[in-house]
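Worksheet: the structure to be examined is printed underneath.
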Amino acid sequence: MENDRIAVRKFLSILLTVLLAVVGFDAAALAQMQKVRVSISSRSNTSVPYYVAVSRGFFRDEGMHVEIIQANPRLGVMALMNGDVSFTGTFVSTVRGILSGFPLKIVLVAFKKGVYYLIAHPSVKDVQDLKGKKLGVSSIRGSDHLVAEELLRSKGLNPALMQPVALGDTSCGYNRLSRAQWK
């Protein structure tokens with residue numbers, strides 16, 4: 001009986017030592033990880049690579065603890081300028097800032113082309129049918145708004161003949177569209 005107690009104490013002592021070593025190792029590894037904040041402009045297909053990299057541990061494997069922050073594109077650029085974030089996934093506002101003289105540098109573009117769509121009601125058969133209609137965009141003068149205007153111009157429609165409506169983030173825009181608040 002006494003030998004059993006000694007064996008159990010010995011086992012628990014070894015187990016506790018191993019657990020402390022493992023927990024201590026993880027805490028030390030976490031303390032050595034570099035904290036990196038990344039801003040994105042919306043939770044859309046363009047931000048999927050960041051979430052995949054976090055969930056699969058790709059950043060962690062490289063010694064980074066990454067925090068993804070969703071912010072208005074203009075705020076994301078300002079946060080980058082102020083050092084509040086290390087990187088931004090916002091492209092058009094960043095380019096606009098660079099062209100305005102902000103000391104920023106583009107180090108990676110992950111997409112060959114922009115991911116923009118112009119979707120209309122089935123009753124619209126031609127771009128000219130959009131005259132006088134509302135144009136849903138995430139933000140006024142944002143990248144999707146500017147791209148939509150260029151697309152409309154290229155098809156011979158003056159975008160001034162449409163009324164832009166700011167729908168907000170992708171999920172907010174979908175909610176507004178699905179409730180048919182505007183036509």
Residues of segment 84-125 classified as part of a helix (DSSP H, G or I) and in contact (Cβ under 8 Å) with a residue 24 or more places away in the chain, total: 2
Cross-chain or 6+ apart pairs with Cβ under 6 Å, segment 59-83 first and over 19 Å from VAL107 (Cα atoms), then loosely packed, with under 15 Cβ neighbours inside 10 Å and among the charged types (D, E, K, R): HIS65/LYS35
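I'd like the residue in segment 111-126 that is among the aliphatic types (A, V, I, L, M) and under 30 Å from SER47 (Cα atoms) and, out of all such residues, is surrounded by the fewest Cβ atoms within 10 Å (Cβ to Cβ). Please lay out each step first, then the result.
Let us first name the residues in segment 111-126 that are among the aliphatic types (A, V, I, L, M), namely 115, 118-120, 124.
Right, trim to under 30 Å from SER47 (Cα atoms) and you get 115, 118-120.
Working: VAL115: 10, LEU118: 15, ILE119: 7, ALA120: 13.
Going through the qualifying residues, I end up with ILE119.
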The lone exception for THR46 - which of (1) in a loop (DSSP other than H, G, I, E, B); (2) exposed (fewer than 14 other Cβ atoms within 10 Å of the Cβ) it fails: (2)
The listed residue being surrounded by 13 or more Cβ atoms within 10 Å (Cβ to Cβ), in contact with a helix residue (DSSP H, G or I) (Cβ under 8 Å, 6 or more places away or on another chain), modelled with pLDDT of 90 or more and outside the structural domain of ARG74 (by TED's automatic domain parsing), out of LEU146, LEU167, LEU157: LEU157
Condition broken by ASP129, with the remaining ones in (1) of a type in the set (D, E, K, R); (2) surrounded by 13 or more Cβ atoms within 10 Å (Cβ to Cβ); (3) touching a Pro at 6+ places or on another chain (Cβ under 7 Å) satisfied: (3)
Test set (1) farther than 18 Å from SER42 by Cα; (2) within 19 Å of the chain's Cα centre (by Cα); (3) at pLDDT below 80; (4) not acidic (Asp, Glu) - GLY173 fails condition number: (1)
Subset of segment 78-92 [at pLDDT below 90 and out of contact with any strand residue (DSSP E or B) (no Cβ under 6 Å at 6 or more places or on another chain)]: THR90, PHE91, VAL92
Verdict on VAL137 being surrounded by 12 or more Cβ atoms within 10 Å (Cβ to Cβ), farther than 28 Å from ALA71 by Cβ and at pLDDT below 95: no
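The values are calculated or read from the model by the stated rules, or taken from the named source; none is laboratory data. In this text the structure is predicted, and so the values were computed from the model without any measurement. Cβ atoms come from the backbone with ideal geometry, glycine included; neighbour counts cover every protein chain shown.
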